[in-house]
1. Might you check whether a residue that is closer than 22 Å to Glu389 by Cβ and of a type in the set (Ser, Thr, Tyr) occurs anywhere in segment 424-444?
2. Kindly check whether there is at least one residue in segment 31-41 that is touching a Ser or Thr at 6+ places or on another chain (Cβ under 6 Å), closer than 28 Å to Leu355 by Cα, part of a loop (DSSP other than H, G, I, E, B) and not charged (D, E, K, R).
3. Restricting attention to segment 270-291, does a residue exist that is surrounded by 18 or more Cβ atoms within 10 Å (Cβ to Cβ), under 30 Å from Tyr142 (Cβ atoms) and at pLDDT 95 or above?
4. If you check Leu355 against the conditions, is it out of contact with any helix residue (DSSP H, G or I) (no Cβ under 8 Å at 6 or more places or on another chain) and on the phi > 0 side of the Ramachandran plot?
5. If you take the residues of segment 205-222 that are assigned to a strand (DSSP E or B) and touching a helix residue (DSSP H, G or I) at 6+ places or on another chain (Cβ under 9 Å), which of them is farthest from Gly170 (Cα to Cα)?
6. State all residues of segment 97-130 that are of a type in the set (Ser, Thr, Tyr) and part of a strand (DSSP E or B); if no residue qualifies, say none.
7. Is at least one residue of segment 452-469 within 21 Å of Ala494 (Cα to Cα), aromatic (Phe, Trp, Tyr) and over 23 Å from the mean Cα position of the chain (by Cα)?
8. Could you check segment 45-96 and list, in sequence order, the residues that are in contact (Cβ under 8 Å) with a residue 24 or more places away in the chain, within 25 Å of Gly310 (Cα to Cα) and assigned to a loop (DSSP other than H, G, I, E, B)?
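The values are calculated or read from the model by the stated rules, or taken from the named source; none is laboratory data. Small disclaimer: the values here were computed from a predicted structure and weren't measured. Glycine gets a Cβ as well: all are built from the backbone with ideal geometry, and neighbour counts include every protein chain shown.
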Amino acid sequence: MASRIVVNADRVKGKIHRNLYGHFAEHLGRCIYEGLWVGEDSPIPNTNGIRNDVLEALKRIKVPVLRWPGGCFADEYHWKDGVGPRDKRKRMVNTHWGGVIENNHFGTHEFMMLCELLGCEPYISGNVGSGTVQEMSEWVEYLTFGGESPMADWRRANGREQPWRVKYWGVGNENWGCGGHMRPEYYADLYRQFQTYLRNYGDNKLHKIACGANSGDYRWTEVLMQQAAPFMDGLSLHYYTVPGTWQKKGPATGFTTDEWWITLKKALHMDELITKHSAIMDVYDPEKRIDLIVDEWGTWYDVEPGTNPGFLYQQNSIRDAIVAGATLHIFHRHSDRVRMANIAQLVNVLQSVILTEGERMLLTPTYHVFDLFKVHQDAELLDSHESVERTGPEGELPKVSASASRAADGKIHISLVNLDFESGASVEVELRGLKGGRLEAAGMTLTSDRIDGHNTFDEPERVKPAPFRGFRIEGARLDVQLPPMSVTVLELTAE
C-alpha cells in the first residue's frame, strides 16, 4: 500500500515562521565554553573569541533566533557579573550543571556579538527564581535604552555606544521546577509584577514571554492564561523526548529496535501536547494574539560513558534526525499558534546540531535536517492532506510524516520523513491548483544503513545528505520511493 499526500498549491494555510527553527544555548557543559566561545587568544581560529568553524556552520542553517543564558542556569544568573573587563568579572559556581566554575567571560556583550555575527534575533531569559524586579528591569535598560541613564551610561563605558534591539524576553524559566518550585498562582502574580517594569525604550518593543507548562501540566496553562493573559505576548512549553525513565533514559547509540519505536512514539506526543495547550489558550485568547513558544524540545538520553553527568553530552544519530524532522512538521501544522521553538541545545549538549572536541568539529544528523528544512523558513504553509501507511510494533504510528510550503520565489518544497527503519515507503504526491506547465523536481535525502548511524570525529561525514532521485513525475503527480529511516526534501517548480 502506498501512502498518498494531496497538496493544494492554491490554498495557503498560513506562514511557517522562521523562529520555529530557533536554537538554545545555555551555560551548561561545553555548550558555551569550548563549543561557542574559545576566547581571542585561543589557537582555534576565532572571531573575537567565537570559534569560526561553528560560526560558519550556524550561518549556513540560518539560525533565526537564539535563546540564552538558560535553562536552569538563567534563574541563578546575575547579568551584572558578566559585563565589563573580563579579568574583573565575578566567578561563580554553576550549581545546576556539574558544580564547575563559571568565569562569566561570556556575558551580555559576547552574546549580543554572537547574535550579530549570526544575523539572528536574541531571546534572553531573565532571572525570576533568585533575581529581582530591579535587576531584570535594568538589564532591559542596559541593552535597549539610547538616552542618558545609569545603565545606558554603563553600557557605553563598556564599549557599546548604540543600544541593541532585543525583542524577546523570557520572564523566568521552569519556575515550576528549577526556577523556584512555584505554584502557578504564585508565579502568575510574580510574572505580572516583573513584566510591569520591563519597559519599551525608543522603538524597541518587547515581546514578553511567560514561563509555561512542563509537558502535560494543563492546569499551569489554565491558571496562567486566566490570571496573566493580558500581560503576556508568549507562553512557553517544555517537552523532552525521553525513551526510558528520568533515572535511566536509554543510550544515544547502541539502542534496541524497541527503543527506536518508543522514542518516535514519545516524540509524536508533541502534537497532542500542543493541541491541548492551544485549546486552553483559545478560550482566553481566541484571536491567537499570544504565541505558544516551545523553547525547549528534543531528545534526552544518558550521557556518553566517561563524561561528566552534569554536562549532558550525548551522541546524535539518524534516530534524532527522524525525531527532528517529524517534530518540525508538527510545529508547521500548529503554526497559527506556535510561532517559535528552540531545540535543546546548540553545541555539545542534548540534541545538538554540532559537536566539538578541541579543534575538531562535526555536524550531526540533526544539523543536516535543519539545513535541509531551512527552505521552509518564512514560507507559505500549503494545505495538504495525508493518507499514510501505519508502522510500529502494533501499527500505532504513521509511517510517513509530510509538510509542504511555497517559498518567496514560488518554488514548492515538500519534506517527507519515513519513520520506519526496516522498509522503504512508497508515497504518491498529487499537486492540485498548480500554476504553470511541466513539473520539474529535485531532491536531497538523509539516511543511514544502521539505526544508530552517527558521525564521529574520525568519520565526520558518515551520515550526511545525498542527492535524491527516487521519484517519477507523471503530470502533476510524483511517485516517490523513500529509503528506510530517511528525511527527504523535494523542490518543485512548474516550468
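1. Yes, that holds for at least one residue.
2. Yes: segment 31-41 contains one or more residues that are touching a Ser or Thr at 6+ places or on another chain (Cβ under 6 Å), closer than 28 Å to Leu355 by Cα, part of a loop (DSSP other than H, G, I, E, B) and not charged (D, E, K, R).
3. So far as segment 270-291 goes, yes, one or more of its residues are surrounded by 18 or more Cβ atoms within 10 Å (Cβ to Cβ), under 30 Å from Tyr142 (Cβ atoms) and at pLDDT 95 or above.
4. So Leu355 does not fit the description; no.
5. It comes out as Asn214.
6. Of everything in segment 97-130, those that are of a type in the set (Ser, Thr, Tyr) and part of a strand (DSSP E or B) turn out to be Tyr123, Ser125.
7. Yes, segment 452-469 contains at least one residue that is within 21 Å of Ala494 (Cα to Cα), aromatic (Phe, Trp, Tyr) and over 23 Å from the mean Cα position of the chain (by Cα).
8. Gly49, Pro69, Gly70, Gly71, Tyr77, His78, His96 - these are the residues of segment 45-96 that are in contact (Cβ under 8 Å) with a residue 24 or more places away in the chain, within 25 Å of Gly310 (Cα to Cα) and assigned to a loop (DSSP other than H, G, I, E, B).
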